[in-house]
Structures are given as structure tokens and as C-alpha cells.
Amino acid sequence: MSRLSSVLTTVVVTTACVCTAAPPAAASEPVASRGAAVPAFYTPPSDLPSANGALIRHEPLRLGLRLPGLDGRPLPGTATRLMYTSTDSAGERVAVTGAYIEPSADWRGGGPRPLVVVGSGTMGQGDQCAPSLALERPLSLSGESLSVGYDNLAVYRLLATGAAVVVTDYVGLGATDRLHTYVNRVDQGHAMLDAARAARSVPGASVTADSRVGMYGYSQGGGASASAAELQRTYAPEVNLAGTYSGAPPADLTEVMKGVDGSALAAALGWAINGFAQAEPGLRDVVDAHVNATGRTALEEISTTCVGDGIFRYGFTRSTKWTASGKSIAEVMAGEPRARAVLDKQRLGTLRPAGPVRLATGVQDDIVPHAQARQLAVDWCRKGADVTYKAVALPNLGDKILTNHLVPLITDQGEAVSWLTDRLAGRPATSNCRSVPVQR
């Protein structure tokens, strides 16, 4: 067994033992990750409820950014940390953590208060990077780790509309019993849909089974929201999905690997490899056969990093340094049928999404390449989906340094929130599929 396989096995077995020793209600001790303490809340119990979206535990969550309201209610709302059940890509029951926020603002769109499920962009792979923890500590700097809650702005803008928000930590990000399965299509889509189910069970939540639900995400979150829209009909048909915003989705991981390799976000290659090696035995064998000692050390270290320290430690690294042959990871994957099969299973666009979808992508995006995101819109349109496609036209703001990827997140955010709010209010969308072939 290689060192990487040993690391992955040790992580899973060790944390599983912690779970087994913990009482059902909560674990007794926090878990340390790169010098940061992950609260005991995040260690799952050994026995999980059988239903998807079942609430395992909850506790009050103090938002890091808040104001006192004139009526005594805190702004932007009252938050609850949660743990709920989901089903992973192997069909196994897993515990997922997150946070529900009951807004102080009134909903004025008609009907019961709606719910938006937010899938965060890339946060890293260490449990200390969990989006729910970033709501509590928007900027977290320990001796070895840097986490930034950059998606909190979108969360707060959505709360200002009067919609409730539930944020998912995805599978294994926060929950300490496994590695985060970064950009795993099924894991992320299920985690989003089950977050919607779990939100209805939070004490004090005003959302109901009749509430319209929106999916919202950019980058990794854009892939997660896109997957949720594709899987809703078969996995969670009772979730009243009114609309989905998918920004800069990594729809084709083969192309995204090429964009990420050698960029400021090169650590994302490691997060993806680690997650898929845990979930897919075929890919684990490929990693064992092709990754050299330098690569194994990098993958081990990257498995506990957040996006900030991932950039500082591994920014602009080329994956040719990690392979025995000197080929890039993308080239290795292309030459291995088992690896290609894993990536093929992750492809978005093979299913028609439920409800209207707004897909936005920056035309200069070279990290999550524009062309593959645009292709997702084309694939959905060909399947008869209700798609509003937006090509965010900006000048080239710097190759491979993340600016071309991150700036559209901000410049398009207002339109994205407004579009989704209209769907939550029951207003119909207007598809522009007919014009997609002539758009950039």
C-alpha cells in the first residue's frame, strides 16, 4: 500500500473510531486541524438516521458579522448550526454539516417564506475550512491555516430579500469522519438537496414543505447547484425547486484540471485527487501507480489546507512535479481508462435540470474555463431546459492569478440574486436558449 493510500485509510479509520466512541448526541472533544480547533459538534455519531435530510443535531450559531435590529431581532438573522443525513456517491449514509439562518427581514414576495440553499465556492479540504465555520469566523487565521468566508456576502444579500438561507458544508468538509469529496457531482448535489430537507426541521424555522426553494452557488458551488438541479427529479422530487443559479460551474473536470494546473489555485488538483481517491477505488489505484514521493507529500499536506494556505503553499505549482513520468495529472488521467471513467461520471450536462436555471460564466475565466461552462448551457438547452445564459464580458485581468475567475463572482452577484428572488416570488423566467449559439 502506498503512502497516500495509507494516509487516506488512516484518516478514515481514525476518525471513524472517534465517531464510534462518541455518544449519539455529540462528540466530547474538538478535533485539531492545522492548529485550528474544529468543535466537537462536527464529529458525527456512529449511528445515523435512515432518512435523507434528517436533522441529527443542531445548536445556536453566532454570526461573525451581525447588527442589533430595531425590533430586537439581530440582523441579518438568527443562525443555527446543523448536522443532517445525506447519501454519498457510493450509496452510503453520511453526515453533513451546515448552517440555517432565519432572516430578520420579512418576505414580501407572496406565499410562504422561501428557502435558498447556498453551495460555497472552493474553501479547501481541511475541516476548519467549513463554510458554516466561516459564517462564525469570516476570517480565520491560525498558525498554519487561512480561511476566508468570501461567500458570506451572497448569503447576507439573499437574507436581505427575506428568504431563509441554508448553507451546506458538503460531504466531509466540517464533518470529521472523512475527507471532503471536492467537486464530486453526486455528493454535492445530494448535500444541497438534503440541506433543503433538513432546514424544515430546524426549531424556529419558518420555511415549510410548501416553501419555494432556490439553489445558489458559484465555482465549486456552481457545480453543486447545477448537480442539485439535475438530480432533484429522482433524488428529492418533493423539494419545491423554483430556480437555480449556477455561476462558473466546473462542468467538465478534464478541462478544469487543465485550467487549475499551474495556476494560483493549483492546490485544487490535490483536493480533487484526494477526494476521488477516497471515493473511487479505480482512481486510487491510478494515484498509487503514477504519483511520485513529492506528489504524495503534497497530497497529504493539501488534504488539511484551506484555500488561503493552499494558495500560499502551492500556488502556481505544476502537477508534472507530482508524477513519476513527468506528465501532467490531466495527461495521466487521459491515458488511464479507469481515471477517464471516474471523470466521465462527474460530467454535468447529461441530465436536464429541473426548473429554470441561470448560468453565468466570465468570458476570460481561465481557472474554471469559460468554454466548458458555456458548453453546459448548450447541453442543457439541447435537452429542452429553461436556461438563462449570461456571458460576463470583462477584460483580461491577469492569466492564472484567479482574478478572471473571481471578479465575475462580484460583478454578476446582484443580477444573480435578483433573478433568483424573482423565481422564489413565482415570476416566470425567460429562457434565452435560442440566442446561446451566437453568444460568447
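The values are calculated or read from the model by the stated rules, or taken from the named source; none is laboratory data. Given the structure is predicted, the values throughout are model-derived calculations rather than measurements. In this analysis, Cβ positions are derived from the backbone assuming ideal geometry, glycine residues included, and neighbour counts consider all displayed protein chains. To get the accessible areas, we keep the full protein, side chains included, count just its heavy atoms, and leave off ligands, DNA and RNA. Shrake-Rupley method; radii C 1.70, N 1.55, O 1.52, S 1.80 Å.
Scanning segment 303-315 for residues that are within 20 Å of ARG178 (Cβ to Cβ), open to solvent by less than 30 Å² (accessible area, probe 1.4 Å) and out of contact with any Phe, Trp or Tyr (no Cβ under 9 Å at 6 or more places or on another chain) yields a single hit, CYS306.
Per the listing THR161, THR122, the residue uniquely closer than 22 Å to LEU406 by Cα and at pLDDT 95 or above is THR122.
Does LEU158 meet the test of being of a type outside the set (S, T, N, Q), closer than 20 Å to LEU65 by Cβ, open to solvent by 30 Å² or more (accessible area, probe 1.4 Å) and part of a helix (DSSP H, G or I)?
On the way: of a type outside the set (S, T, N, Q): yes; closer than 20 Å to LEU65 by Cβ: yes; open to solvent by 30 Å² or more (accessible area, probe 1.4 Å): no; part of a helix (DSSP H, G or I): yes.
So LEU158 does not fit the description; no.
Spot the failing condition for VAL342; the list is (1) β-branched (Val, Ile, Thr); (2) closer than 21 Å to GLN220 by Cβ; (3) open to solvent by 20 Å² or more (accessible area, probe 1.4 Å); (4) not in a loop (DSSP other than H, G, I, E, B), and only one is missed. For VAL342, the failing item is (3). Taking each residue of segment 298-327 that is in contact (Cβ under 8 Å) with a residue 24 or more places away in the chain and of a type in the set (Gly, Ala, Ser) and looking for partners that are part of a loop (DSSP other than H, G, I, E, B) and surrounded by fewer than 18 Cβ atoms within 10 Å (Cβ to Cβ) with beta-carbon atoms closer than 7 Å, six or more apart or interchain, yields ALA324/ASN292.
Select from segment 67-120 the residues that are among the aromatic types (Phe, Trp, Tyr) and surrounded by 24 or more Cβ atoms within 10 Å (Cβ to Cβ) and write down the one among them that is nearest to GLN413 (Cα to Cα). Don't jump to the end; show me each part of the working.
Keep residues of segment 67-120 that are among the aromatic types (Phe, Trp, Tyr), which gives 84, 100, 107.
Applying the additional criterion that residues be surrounded by 24 or more Cβ atoms within 10 Å (Cβ to Cβ) yields 84, 100.
Numbers: TYR84: 28, TYR100: 21 Å.
The qualifying residue nearest to GLN413 (Cα to Cα) is TYR100.
Looking at segment 84-100, is at least one residue touching a residue at least 24 places away in the same chain (Cβ under 8 Å) and over 21 Å from the mean Cα position of the chain (by Cα)? No; the residues of segment 84-100 include none that is touching a residue at least 24 places away in the same chain (Cβ under 8 Å) and over 21 Å from the mean Cα position of the chain (by Cα). Here the condition is being touching a strand residue (DSSP E or B) at 6+ places or on another chain (Cβ under 9 Å) and open to solvent by 20 Å² or more (accessible area, probe 1.4 Å); of SER206, SER219, it holds for SER206 alone. Does ALA164 fit the bill of being touching a Lys or Arg at 6+ places or on another chain (Cβ under 9 Å) and either basic (Lys, Arg) or over 27 Å from VAL342 (Cα atoms) (or both)? Criteria met by ALA164.
Output yes when any residue across segment 167-177 is more than 26 Å from LEU406 (Cβ to Cβ), of a type in the set (Ser, Thr, Tyr) and modelled with pLDDT of 95 or more, and no when none is. Yes, segment 167-177 has at least one match.
Residues that are touching a residue at least 60 places away in the same chain (Cβ under 8 Å) and under 25 Å from TRP107 (Cα atoms) within segment 156-169 comprise TYR156, ARG157, LEU158, LEU159, ALA160, THR161, ALA163, ALA164, VAL165, VAL166, VAL167, THR168, listed in sequence order. Among the residues of segment 345-359, those that are open to solvent by 80 Å² or more (accessible area, probe 1.4 Å) and under 19 Å from the mean Cα position of the chain (by Cα) comprise LYS345, ARG347.
Could you pull out the residue among GLU255, GLU300 that is closer than 19 Å to ASN404 by Cα, open to solvent by 30 Å² or more (accessible area, probe 1.4 Å) and acidic (Asp, Glu)? Walk me through it before giving the result.
Values: GLU300 fails: closer than 19 Å to ASN404 by Cα.
From the options GLU255, GLU300, the qualifying one is GLU255.
Check whether at least one residue in segment 359-368 is in contact (Cβ under 8 Å) with a residue 24 or more places away in the chain, among the charged types (D, E, K, R) and touching a His at 6+ places or on another chain (Cβ under 7 Å), and report yes or no. For segment 359-368, residues in contact (Cβ under 8 Å) with a residue 24 or more places away in the chain, among the charged types (D, E, K, R) and touching a His at 6+ places or on another chain (Cβ under 7 Å): present. In summary, ASN152 fulfils each of the numbered conditions (1) more than 12 Å from GLY121 (Cα to Cα); (2) open to solvent by 10 Å² or more (accessible area, probe 1.4 Å); (3) of a type in the set (S, T, N, Q) with the single exception of condition (1). Within the bounds of segment 285-296, is there any residue that is outside any helix (DSSP H, G or I) and closer than 17 Å to GLN125 by Cα? Within segment 285-296, not a single residue is outside any helix (DSSP H, G or I) and closer than 17 Å to GLN125 by Cα.
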